[in-house]
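Accompanying notes for the structure given below.
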Amino acid sequence: MISGNDVRSWLLAQADYLVKLAGRKLWSDQDVTTAAALLKSADASLADMNDPSVMNVRRALTQDISTLSSVSQVDYDGVILKLNQLSNNVDNLRLADNDSDDAPMDSDGGELSGSVREWRQNLVKSWHNFMDDFITIRRRDNTAQPLLAPNQDVYLRENIRSRLLIAAQAVPRHQDEIYKQSIDTVSAWVRAWYDTNDAATKAFLAQLDELSQQSINMDLPDNLESQPLLEQLMQTRVRNLLAQPSAAANQQGG
């Protein structure tokens, strides 16, 4: 027959296990919802003991549950879904036309002089003006980025997808620095190579900016107040159980 003490000991051990499991879920997985549920289950086990000696532990459990309920949680699945959607929308981005300088090279020197002495220069200028109708060489600023060849455009889009994938993989691992670096890199590439006045590009960059501001780390408590109290109660209960056979033997010997 199972005694009341055995049942209470089992419930206490169960509560201790549940609190330790809650700690692992909280700090290893940052799973606040599951951790809070485990703490509630631990409190239910202690309530079933119907033992006044566990009131301090139950009070600490109530405080721990309240603390977790106030934690601002991160929708990790939602962040990953947004990153995946951006990856699908990369092909909708339109390349920027960086050849914005339409002025022909040496256009400032195309006017003819009225001086007879400059007939050679006027001849050269007339020849250039004639050739401009057939071939136009346009000036490009050295700081302007060259237009991408079609195959380079493909590589750029794949590199953007790769960076978005790295950001998505960093989310469940809570690697906030890698996550933000990847998003900032994608944002820089899009602004450098794609038409930022295009509606699709504007929407793409707006989503990137929103995700960049999203932290994937939660402000979790450093410890659970109930855990050391429960461990101390467990140790006390075990010492009392071990001492009982010795006390019974002394009574028999007397």
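The values are calculated or read from the model by the stated rules, or taken from the named source; none is laboratory data. Small disclaimer: the values here were computed from a predicted structure and weren't measured. Heads up, the Cβs are rebuilt from the backbone with ideal geometry, glycines too, and the neighbour counts pull from every protein chain shown. Please note that ligands, DNA and RNA were not included when accessible areas were found on the heavy atoms of the full protein model with its side chains. Shrake-Rupley method; radii C 1.70, N 1.55, O 1.52, S 1.80 Å.
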List pairs: first residue in the range 34-58 and under 14 Å from Glu225 (Cα atoms), second residue open to solvent by 50 Å² or more (accessible area, probe 1.4 Å) and not charged (D, E, K, R) anywhere in the structure, Cβ distance under 8 angstrom, at least six positions apart or on different chains.
Ala36/Ser69; Ala42/Gln14; Asp43/Thr62; Asn56/Leu229; Val57/Leu229
Whichever residue in the range 18-33 is without any contact (Cβ under 8 Å) to a residue 24 or more places away in the chain and loosely packed, with under 15 Cβ neighbours inside 10 Å and, among such residues, is nearest to the chain's Cα centre (by Cα):
Asp29
Does Val186 count as modelled with pLDDT under 90, out of contact with any His (no Cβ under 9 Å at 6 or more places or on another chain) and either more than 12 Å from Leu86 (Cβ to Cβ) or surrounded by 14 or more Cβ atoms within 10 Å (Cβ to Cβ) (or both)?
no
Can you tell which of Ala37, Ala13 is out of contact with any Ser or Thr (no Cβ under 8 Å at 6 or more places or on another chain) and within 16 Å of Arg237 (Cβ to Cβ)?
Ala13
Which of the residues belonging to the range 42-97 are open to solvent by 60 Å² or more (accessible area, probe 1.4 Å), out of contact with any Lys or Arg (no Cβ under 8 Å at 6 or more places or on another chain) and acidic (Asp, Glu)?
Asp48, Asp75, Asp77, Asp97
I'm told Ser53 meets every condition in (1) of a type in the set (S, T, N, Q); (2) under 30 Å from Trp189 (Cα atoms); (3) at pLDDT below 90 except one. Can you identify the failing condition by its number?
(2)
Please work out which residue is nearest to the chain's Cα centre (by Cα), limiting yourself to the range 190-199 and to residues that are surrounded by 15 or more Cβ atoms within 10 Å (Cβ to Cβ) and part of a helix (DSSP H, G or I).
Val190
If I go through the range 215-230 residue by residue, how many of them are polar (S, T, N, Q), modelled with pLDDT of 90 or more and exposed (fewer than 14 other Cβ atoms within 10 Å of the Cβ)?
1
